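To start, the structure under review is shown below, and the notes come after it.
The values are calculated or read from the model by the stated rules, or taken from the named source; none is laboratory data. No experiment lies behind these values; they were computed from the predicted model shown. Note that we place each Cβ from the backbone using ideal geometry, even for glycine, and neighbour counts take in every protein chain shown. Keep in mind that these areas ignore ligands, DNA and RNA; they rest on the heavy atoms of the full protein, side chains included. Shrake-Rupley method; radii C 1.70, N 1.55, O 1.52, S 1.80 Å.
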Amino acid sequence: MSERYTCADRDERTIGLEIASTAIRRGDLVVMPTDTVYGIAADAFVPEAVADLLAAKGRGRSMPPPVLVGSVETLDGIADEVPEAGRRLVEKFWPGALTIICLQQPSLVWDIGDTGNTVAVRMPDHELALDFLAKTGPLAVSSANKSGEPPATTCAEAEEQLGDSVAVYLDGGPTPGSTPSTIVDLTNATPRVLRAGAISFERLRSVVPDLEDHTRQ
């Protein structure tokens, strides 16, 4: 049976964060708000938990979840050889709705799917999400919806789709909308946008002039 905590209430928020972080440590799934849409989260370093996340969404290993971090400093612990363009983007747009794809650190012991030794990383601009990440460390997080269905912008929408596959729901109120993060691939010589999202191509290109738009290819 799932538990749900209304985090607008300070006491319930405190309890919810503790219960949710305990759930993550035991390998269960948690739904959390972000600055884009609600996400379903698992411990990135527990392969069985990540497999459960993919199963809850009805998604295979070929679509691995991004990893959310609670600080910019955490990036270098999971990403290898972040290029200067990536540093500039992170400095300008983190925390925020920007996901960057980098080579992963070769020393990492995890299995988040068929990543080709890359990792997609984001630091969300959401107080509750950041407080949660401070307790748990990096989390594998995908949008809290069944694959092919609209992303959840409220906790109730996430619960309706995912039900008891999730142990704890953290209700942080409605998210700003249903627009996902923008994804930039930094693993090639020239950085490129792979998914249009909340941060426009024009804004990104003002920071990285050689950025390419691959969203229509």
Item checked: Leading residue by the ranking (least open to solvent (accessible area, probe 1.4 Å)) among those in region 1-42 that are among the β-branched types (Val, Ile, Thr) and without any contact (Cβ under 8 Å) to a residue 12 or more places away in the chain -> 22
Next item on the list: Among the residues of region 1-18, count how many are out of contact with any helix residue (DSSP H, G or I) (no Cβ under 7 Å at 6 or more places or on another chain), over 16 Å from residue 129 (Cβ atoms) and among the aliphatic types (A, V, I, L, M).
Entry: 1
Check: Can you tell me which residues in region 88-107 are free of Cβ contacts under 8 Å to residues at least 60 places away in the same chain and over 19 Å from residue 130 (Cβ atoms)?
Finding: 104, 105, 106, 107
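When you go through 185, 213 one by one, which is the residue that is acidic (Asp, Glu), at negative phi, at pLDDT 95 or above and within 18 Å of the chain's Cα centre (by Cα)?
When all the criteria are applied, what remains is 185.
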Margin query: Name the residue that is farthest from residue 23 (Cα to Cα), counting only residues in region 125-140 that are open to solvent by 30 Å² or more (accessible area, probe 1.4 Å) and assigned to a helix (DSSP H, G or I).
Written below: 127
Next item on the list: Quick one: residue 156 ticks every box in (1) open to solvent by less than 20 Å² (accessible area, probe 1.4 Å); (2) modelled with pLDDT of 95 or more; (3) small (Gly, Ala, Ser) except a single one, so which number is it?
Entry: (1)
Check: Counting residues that are among the acidic types (Asp, Glu) and out of contact with any strand residue (DSSP E or B) (no Cβ under 7 Å at 6 or more places or on another chain), which strands (runs of 3 or more DSSP E) fully inside region 1-119 reach at least 2?
Finding: none
